Amino acid sequence: MINDKIWDSHDDELIFDSFNRPIISIRISLTNGCNFDCIYCHHDGMLLSESEMNSDEIYRILKVAKKLGVKKVRFSGGEPLLRNDIVEIIGKTSSLKFKDISITTNGVLLDKYGVDLIDAGLNRVNVSLDTLNPNTYKFITKRNCLDRVKSGILHVASLGLYPIKINMVVMSNLNDNEICDMFKFCEDNGLILQLIELMRSDHDGLYDEYHFDIGSLEEKFEKLAYKVKVRRFMQDRKKYYIGDGEVEIVKPMDNTKFCKNCSRIRITPEGFIKPCLLKNNNLIDIIGPIRNNLPENELEKIFLEGINNREPYYMI
Ligand code: SAM
């Protein structure tokens, strides 16, 4: 097994929280809005319903993050491609010279925006695709657009965007029998499969009905893989290299590992720092100070307060 290398040894400006975890990436939820209605959605970032940040405000937060040593940016939502200024947001972010800019999307608008996003500086994309079966797709997302999503993925792949990751939330008796097919689809098209364990959400009974123990796959993959990598500062995820494909396992419910090596800080669409994915009661307002024109050094202090508020969820 080898460990993942996530920053260069000459990087001296990394920032650490009080549990000695480096803050490598910032994840910005751009909007509460979504054009899908997935059965399991945990509605990341959907806590308040104030106005969304505009592209200049997002830029100011990112400028502070970059100055303090954050390396990577990911935009999520809601559905980030619903923002009609998404290309402008990527362009402004790109001017800050982060090591990596990525988006997590349901993929339905990738055919429309792919070229412009890449031209603006997008480096990577994760697309949520839980199934290749149109009926299951419709059941999970309540939308009838599997073919459009697949062609959007292949479109950005043909434009050279790499790596493209496919996020598959594995659910018992729903899509757990499709893992091999999904792996083959990814292997054939140069995509990386990311298997995600279902998290509890506010949908009654869903977790109990569909939760699949994703850890049960590890032994099988271990036997099949010619190489296994531990992505230490990506919450200790394991990546298996099998044949010409790659598959990663994400276990957000395994708090000890997920939290121990979490290196991510989050921002809600309204501009609040969210120190932890799993906790909602320690948000820090950075948008108010931005709108009150506080200088950058004051914004840095607020950002640092957000980092200091980070605690592993298993300790709470
Ligand atoms: N709209 C975008 C999309 O569909 O990818 C971005 C937002 S979505 C909330 C981000 C990711 O969270 C998706 O890959 C989705 O599969 C995952 N997700 C949402 N709810 C989840 C849950 N209850 N358990 C595990 N993963 C979940």
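Restricting attention to the stretch 19-41, the residues that are surrounded by fewer than 18 Cβ atoms within 10 Å (Cβ to Cβ) and under 25 Å from D100 (Cα atoms) add up to 4. Here the stretch 169-201 is the region considered, the condition is being without any contact (Cβ under 8 Å) to a residue 60 or more places away in the chain and in a strand (DSSP E or B), and the residue that is nearest to the ligand (Cβ to nearest atom) is I196. Taken as a whole, the condition of being surrounded by 15 or more Cβ atoms within 10 Å (Cβ to Cβ) and within 23 Å of D100 (Cα to Cα) applies to K229.
For I164, are the conditions met, namely being closer than 15 Å to I103 by Cβ and either open to solvent by less than 30 Å² (accessible area, probe 1.4 Å) or among the hydrophobic types (A, V, I, L, M, F, W, C) (or both)? Answer is yes for this residue. Tell me whether the stretch 142-160 contains one or more residues that are touching a Lys or Arg at 6+ places or on another chain (Cβ under 7 Å) and buried (at least 20 other Cβ atoms within 10 Å of the Cβ). No, there is no match, as no residue in the stretch 142-160 is touching a Lys or Arg at 6+ places or on another chain (Cβ under 7 Å) and buried (at least 20 other Cβ atoms within 10 Å of the Cβ). Being open to solvent by 40 Å² or more (accessible area, probe 1.4 Å), at pLDDT 95 or above, over 17 Å from the mean Cα position of the chain (by Cα) and at positive phi: is that true of K97 here? The answer is yes for K97.
Screening L82, L30 for residues that are within 11 Å of the ligand (Cβ to nearest atom) and either closer than 26 Å to P289 by Cα or in contact with a Lys or Arg (Cβ under 8 Å, 6 or more places away or on another chain) (or both) leaves exactly one candidate, L30.
The combined condition, being modelled with pLDDT of 95 or more and part of a loop (DSSP other than H, G, I, E, B), is not fulfilled by F19.
Yes/no matrix, rows are residues, columns are (1) among the small types (G, A, S); (2) closer than 19 Å to I214 by Cα; (3) at pLDDT 75 or above:
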position	(1), (2), (3)
F233	no, no, no
V247	no, yes, yes
S263	yes, no, yes
I267	no, no, yes
G271	yes, no, yes
P275	no, no, yes
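Only residues that are in a helix (DSSP H, G or I) and open to solvent by less than 10 Å² (accessible area, probe 1.4 Å): list them for the stretch 56-87, please. Result: I58, I61, L62, V64, A65, P80, L81, I86. With the structure loaded, tell me whether F139 is closer than 28 Å to R200 by Cα, away from the ligand (no atom under 13 Å from the Cβ), open to solvent by less than 40 Å² (accessible area, probe 1.4 Å) and in contact (Cβ under 8 Å) with a residue 60 or more places away in the chain or whether it fails that test. Criteria not met by F139. The C-beta contact set for the stretch 202-215 (first residue open to solvent by 40 Å² or more (accessible area, probe 1.4 Å), second residue more than 10 Å from the ligand (Cβ to nearest atom), distance under 6 angstrom, 6+ apart or interchain) is empty. Looking across the stretch 100-136, the residues that are open to solvent by 10 Å² or more (accessible area, probe 1.4 Å), β-branched (V, I, T) and either more than 16 Å from the chain's Cα centre (by Cα) or more than 14 Å from the ligand (Cβ to nearest atom) (or both) come down to V108, V115, I118, T136.
The values are calculated or read from the model by the stated rules, or taken from the named source; none is laboratory data. The structure displayed is predicted, hence computed values, not measured ones. All Cβ positions, even for glycine, are placed from backbone atoms using ideal geometry, and neighbour counts span all protein chains on display. Calculation scope for accessible area: heavy atoms of the full protein, side chains included, ligands and nucleic acids excluded. Shrake-Rupley method; radii C 1.70, N 1.55, O 1.52, S 1.80 Å.
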